[in-house]
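Step one of this worksheet: look at the structure below.
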């Protein structure tokens, strides 16, 4: 026997009742009051129930004697659900309502698992498939836009020499490639989608041989032919899209947290891309009969820059050069290739060098 | 406890509203909602909302009985789909206009017309629909609430008030807020009980003017006291009356200091848990409101009778959600 409160759907008067629980039904006995002794019998098939928490349940009779029963009794809730379960399976929500915080935390973990899986495997995969379908003209437009927004000064004389230097090599690229030298104190070079390659003068000055320059260009062109920028863009966009869909506008704080995590993760994307560009760049050098050692020399040159900065590999986008040197060595050893003289390249390289050592 | 008697000789009641839920359970509900919403790419939204409201309402107790939210996911899904379809339709239209290459004054006029349509017609339509649905699905001891406002009347009132607010560069806003609130609450029923709200635009304007000036002078600190004043003005003028002229009146006991405590702690919790404490914050806020509203009068809640019909069209409710109008 349990105690509950009954409402008849006509007036807001609470009538105390005692409840008997059977395997497939409930019986309500009205106690005391002016009302003549009355009983209600509800089959489980004629009721709907709302489990509020493990202490409180609301049961509504939908048959001829429509009425609502409310019971605040954890023992009743447990016993009733045991009998009622056969009629209706338990859902996830019920688990959260009855299990309290512990169940919630488990579900939270499951969600985290799903999000992580989607973030690290499903979404990048989907994004890559999207890139496969994007026309090359998209890269071109993107590159044009990026170039317009950066608006970097151009060293015309050096750019002409660099273009002539690059013309000595055969590129396996569907885009027309544009090579530019930009005056800057930063030792860097980059590739924009659509075939734009920009080398900063500071980096150019550090290169000692034509092979190093060829390696640098091969690496940057590989970024373009692999469409790394577009891949990265699609991956980033798909992630943020799903994130917004899932969380809506719930909390800018979460959003900020995520964007930081996202930035860190996109670094690992980048490292993966850098390695791919290194390997593909080596292949370009081989097919042009350029000495692959140029790539190693380039790395060693970059290593000197690294020592100035001392960034842990986890937060740096280029795989640290020690690591790079290791796999470049391995790659060269595995793929020996004949080397040509390239007198014309040598000549242009020396002209370039002279531009900066007047 | 000694029984009090009012001037009419009827006993005075002090029904207490309290919240029985806990943050952990509510957190669980939100988490499951989130999980299912992610998996279904957002389609679970109506069911998620139903689960959330069911828990919040059923955890709220008055006179020993819990409130009830009887809206269901299926019901709200219909309205949800209609609204989503409308939004998709709108985008297709916008795209078509773009594709036709309309530019300059033509597209400008179209944008302006759309804006007027949304602000003058769609918002009041959503508010009306949301009130109709929301209150019809709210009950206590199986007695339903209900909203009896007239849609055309409300849209006309809204348009008039909004126009006056625009013409007066926002100064009329206080009057508008009060007139809209008066209309909505005066058409609200709790079974045979009728709500009444007596907000005065001038009083509300003075309150806001004072709040605004002092907030600027105190570099924002006064804003909590301003909020408490607004809260008090919203609560203190609510009454529930019955046919035989018995009445229950509400009174706010929240002070600016208490409100500051609540809001500052809420903000700190939110920031330092990266939003995970959201469930607890909402529960804290609900408990605060309930602990700071006193109800007093000779109306007997147990005498309220069922009078309100059921209303199952959730389009307005969903539209209000999408427009991000927090009405109720």
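The values are calculated or read from the model by the stated rules, or taken from the named source; none is laboratory data. Keep in mind that this is a model prediction, so the values were computed, not measured. Every residue, glycine among them, receives a Cβ derived from its backbone with ideal geometry; neighbour counts consider all protein chains shown.
Observations, loosely collected:
- Candidates are the residues of segment A:59-90 that are away from chain B (no Cβ under 14 Å) and crowded, with 18+ Cβ neighbours inside 10 Å; the one that is modelled with the highest pLDDT is A:76.
- Checked against the criteria, residue A:93 does not count as in contact with a strand residue (DSSP E or B) (Cβ under 6 Å, 6 or more places away or on another chain) and either away from every other protein chain (no Cβ under 13 Å) or modelled with pLDDT under 80 (or both).
- Scanning segment B:72-88 for residues that are farther than 14 Å from residue B:48 by Cα and crowded, with 17+ Cβ neighbours inside 10 Å yields a total of 2.
- The residues listed here are B:125, B:133; of these, the one that is part of a helix (DSSP H, G or I), touching a residue at least 12 places away in the same chain (Cβ under 8 Å) and either touching a helix residue (DSSP H, G or I) at 6+ places or on another chain (Cβ under 6 Å) or surrounded by 22 or more Cβ atoms within 10 Å (Cβ to Cβ) (or both) is B:133.
- Among the residues of segment B:12-33, those that are in a loop (DSSP other than H, G, I, E, B) and either within 13 Å of another protein chain (Cβ to nearest Cβ) or closer than 14 Å to residue B:66 by Cβ (or both) comprise B:15, B:16, B:20, B:21, B:22.
- In segment B:38-52, the residues that are surrounded by fewer than 20 Cβ atoms within 10 Å (Cβ to Cβ) and in a helix (DSSP H, G or I): B:38, B:39, B:52
- Any chance residue A:273 is at pLDDT 55 or above, closer than 30 Å to residue B:275 by Cβ and touching a helix residue (DSSP H, G or I) at 6+ places or on another chain (Cβ under 7 Å): no
- Residue B:69 over 30 Å from residue B:293 (Cβ atoms), within 10 Å of chain A (Cβ to nearest Cβ) and either surrounded by 14 or more Cβ atoms within 10 Å (Cβ to Cβ) or out of contact with any helix residue (DSSP H, G or I) (no Cβ under 6 Å at 6 or more places or on another chain) (or both): no
- Elements of type strands (runs of 3 or more DSSP E) contained in segment A:130-200, each with 2 or more residues being over 30 Å from residue A:304 (Cβ atoms): none
- Some residue of segment A:130-143 being surrounded by 15 or more Cβ atoms within 10 Å (Cβ to Cβ), in contact with a helix residue (DSSP H, G or I) (Cβ under 8 Å, 6 or more places away or on another chain) and within 12 Å of chain B (Cβ to nearest Cβ): no
- If only residues of segment B:282-307 that are surrounded by fewer than 19 Cβ atoms within 10 Å (Cβ to Cβ) and within 15 Å of residue B:30 (Cβ to Cβ) are counted, the one that is nearest to the other protein chains (Cβ to nearest Cβ) is B:282.
Table: residues versus (1) more than 14 Å from the chain's Cα centre (by Cα); (2) modelled with pLDDT of 90 or more; (3) closer than 24 Å to residue B:313 by Cα.
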position	(1), (2), (3)
B:122	yes, no, yes
B:140	yes, yes, yes
B:144	yes, yes, yes
B:154	yes, yes, yes
B:173	yes, yes, no
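- Test: residue in segment B:65-74 that is within 18 Å of residue A:94 (Cα to Cα) and assigned to a strand (DSSP E or B): yes
- The residues of segment A:20-52 that are modelled with pLDDT under 80 and either buried (at least 16 other Cβ atoms within 10 Å of the Cβ) or at positive phi (or both), listed by number, are A:32, A:33.
- Evaluated against (1) away from chain B (no Cβ under 12 Å); (2) closer than 22 Å to residue A:20 by Cα; (3) touching a residue at least 60 places away in the same chain (Cβ under 8 Å); (4) surrounded by 15 or more Cβ atoms within 10 Å (Cβ to Cβ), residue A:123 falls short on exactly one condition, (2).
- Test: residue in segment A:11-29 that is touching a strand residue (DSSP E or B) at 6+ places or on another chain (Cβ under 7 Å), more than 13 Å from residue B:66 (Cα to Cα) and within 9 Å of chain B (Cβ to nearest Cβ): yes
- Only one entry of B:317, B:310 meets the criterion of being within 13 Å of chain A (Cβ to nearest Cβ), within 21 Å of the chain's Cα centre (by Cα) and closer than 30 Å to residue B:125 by Cβ, and that entry is B:310.
- One residue stands out among those in segment A:96-120 that are surrounded by 12 or more Cβ atoms within 10 Å (Cβ to Cβ) and more than 10 Å from every other protein chain (Cβ to nearest Cβ): the one that is modelled with the lowest pLDDT, which is A:119.
- The condition of being without any contact (Cβ under 8 Å) to a residue 60 or more places away in the chain, touching a strand residue (DSSP E or B) at 6+ places or on another chain (Cβ under 7 Å) and away from every other protein chain (no Cβ under 14 Å) holds for only one of B:5, B:91, that being B:5.
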